[in-house]
Structure formats: C-alpha cells, structure tokens
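Chemist: Okay, handing you the structure first.
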Amino acid sequence: MQLRRTPQTVDVLRELLEAPLEWRHGYDLCRCLGLKSGTLYPILIRLSQNNLLDTKWEVSEGGKPPRHMYRLTQTGKRFALECVSEERTIATKQPAFGV
C-alpha cells in the first residue's frame, strides 16, 4: 500500500489500535495524541480514502452539532499492525548514542 508512513500517521494508527472496534472522534484523537487538527484531519482523510478507516457521522442530540467518527477497517487493522511492528523493528536496530 502506497501511503506515507509519517511518525504522526503511525501514532494515529497506534492510538486506533488500542480499541480497534470503537468509534473515535477527531477531537478525542487530537487530545490524546497532542496533534493539531491541521495535522490530524488530513491523516484521517488519507486513511479513509485508502479504505483503512470506516467513517460515520454521530447523530446529534440536544442541539449539539454532529461529529465525524472513525475506526479501523479490517484492512486498516492489518496495515496498522504492520506499521507499528515495522516502527518497533526500526527502533531496535538504531545504534545507541555515545557507544
């Protein structure tokens, strides 16, 4: 799959893997990851366009505006596991500084 695996994208995938069946709001992901919306939402859009995320609109209640929600597809879960695993492998192969 040709999708840029930036550190921020891997962070989003890792966070979604914590509970892959749960729907998450973009605002919640921004808070958890410390990412700005201008960074997070383009990542979510790319993941969705590549069929790695399911998306839906939350039904609004009590006058609150509807919010977009996200969760990993089965393909997205496999891709996320691959990315996180690959990142760990790279991290363990990096030499320690000062040795």
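Computed from the coordinates by the stated procedures, all read-outs in this text should not be read as laboratory data. All figures in this text were calculated on a predicted structure; none of them were measured in a lab. All Cβ positions, even for glycine, are placed from backbone atoms using ideal geometry, and neighbour counts span all protein chains on display.
Chemist: Tell me, in nm to one decimal, what length is gained between Asp54 and Arg14 on full extension, where the rule is 0.36 nm per residue of separation less the Cα-Cα distance? Display every interim value, and only then the final one.
Modeler: On the way: separation 40, 0.36 × 40 = 14.40 nm, distance 1.59 nm.
Here the segment from Asp54 to Arg14 would lengthen by 12.8 nm.
Chemist: When the helices in the chain are scored as -39500 (n - 2.57) per DSSP H run of 4 or longer and the sum is shared across all residues, what 222 nm value do you end up with, to the nearest 500 deg cm²/dmol? All intermediate terms of the calculation are to be shown ahead of the outcome.
Modeler: Values: 4 runs with 52 residues, N = 99.
Estimated from H runs of four or more residues: -16500 deg cm²/dmol.
Chemist: Need one word for the range 1-45: rounded, prolate or oblate. Basis is the Cα gyration tensor (sqrt eigenvalues a ≥ b ≥ c); a/c below 1.5 gives rounded, then a/b vs b/c decides. The partial results should precede the final answer.
Modeler: Details: a/c = 1.69, a/b = 1.14, b/c = 1.48.
Oblate.
Chemist: Which aspartates and glutamates have a Cα lying under 18 Å from the Cα of Lys77, excluding residues fewer than 8 positions away in the same chain?
Modeler: Asp11, Glu15, Glu18, Glu22, Asp54, Glu86, Glu87
Chemist: Something else: Please give me, ordered by residue number, the GluC sites (Glu not before Pro) of the range 1-71 that lie in loop per DSSP and have at most 16 other Cβ atoms within 10 Å. Intermediate results must be reported in sequence, preceding the final value.
Modeler: Details: sites: Glu15, Glu18, Glu22, Glu58, Glu61; in loops: Glu18, Glu22, Glu58, Glu61.
Passing both the DSSP loop test and the Cβ count: Glu18, Glu22, Glu58, Glu61.
Chemist: Quick check: pseudo-label points 7 Å beyond the Cα along Cα→Cβ at Arg67 and Arg46, how many nm apart are they?
Modeler: The two pseudo-label positions are separated by 2.4 nm.
Chemist: In addition: Using the 10 angstrom Cβ neighbour count as an exposure proxy, how do Cys32, Cys83 rank, fewest first?
Modeler: In order of increasing Cβ crowding within 10 Å: Cys32, Cys83.
Chemist: When a footprinting reagent is the concern and you count Cβ atoms within 10 Å, what order do Thr39, Thr9, Thr75 take, fewest first? Don't skip to the end; give the middle numbers.
Modeler: Working: Thr39 16, Thr9 20, Thr75 13.
Least to most surrounded, the residues fall as Thr75, Thr39, Thr9.
Chemist: Run through every distinct alpha carbon pair of the chain and return the Kirkwood hydrodynamic radius in angstroms, one decimal place.
Modeler: Hydrodynamic radius (Kirkwood, Cα pairs) of the chain is 14.5 Å.
Chemist: Taking the number of other C-beta atoms within 10 Å as the exposure measure, put Asp54, Asp11 in order starting with the fewest. Before the final figure, lay out each step's value.
Modeler: Details: Asp54 14, Asp11 20.
Going from sparsest to densest Cβ surroundings: Asp54, Asp11.
Chemist: Let me ask you something else. Over the chain, what relative contact order in percent results from Cα pairs under 8 Å that are six or more residues apart? Display every interim value, and only then the final one.
Modeler: Working: 95 pairs, mean separation 29.9, N = 99.
Relative CO of the chain lands at 30 percent.
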